Amino acid sequence: MEKVRAWERKLMRQQSPCGCEQGAVGLLVGVFGYLLYVLIRPGWAHLGWRELWIGCVVVGFTASVGKLLGILWGRRKLRRLIRQIRAEWKPPNPPTHSYQGDPPITARPSRACCGN
């Protein structure tokens with residue numbers, strides 16, 4: 001039972017990966033990478049609107065790629081956990097009685113209205 005509870009906790013945690021941590025890492029990589037580019041390029045003191053928009057695009061792109069990779073990584077971990085559970089879990093034996101289905105529906109004899 002303890003193993004089943006551990007699987008349940010893992011499944012709940014990995015059920016819907018959001019990729020937020022990886023998106024934040026992508027955001028930081030974009031910001032610091034762009035700042036590094038601005039500092040080492042020639043003429044860094046002459047920044048304008050064009051450079052600002054390029055920086056926004058770079059940061060948005062790296063954050064989006066980080067988030068996408070985080071979601072894909074989370075889904076991969078979930079599939080791996082499901083395969084592990086399927087390999088280790090032994091379902092209980094099915095009941096020994098056999099189910100024959102519902103009895104057939106029979107038509108009721110029609111009765112006249114008001115007891116006639």
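Tabulated data
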quantity: Debye-sum result for segment 19-89 in log10 I(q)/I(0), which assumes one identical scatterer on each alpha carbon, at q = 0.15, 0.21, 0.22, 0.24 Å⁻¹; calculated: -0.59, -0.84, -0.88, -0.95
quantity: 77, 67, 90 arranged by Cβ crowding within 10 Å, fewest neighbours leading; calculated: 90, 77, 67
quantity: Ranked list, fewest to most other Cβ atoms within 10 Å of each Cβ, for 64, 16; calculated: 16, 64
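Read-outs throughout are calculated quantities, based only on the coordinates presented, and are distinct from any laboratory measurement. Just so we're clear, the structure is a prediction, and the values are computed from it rather than from any experiment. Neighbour counts run over all protein chains shown; Cβ positions are idealised from the backbone, glycine included.
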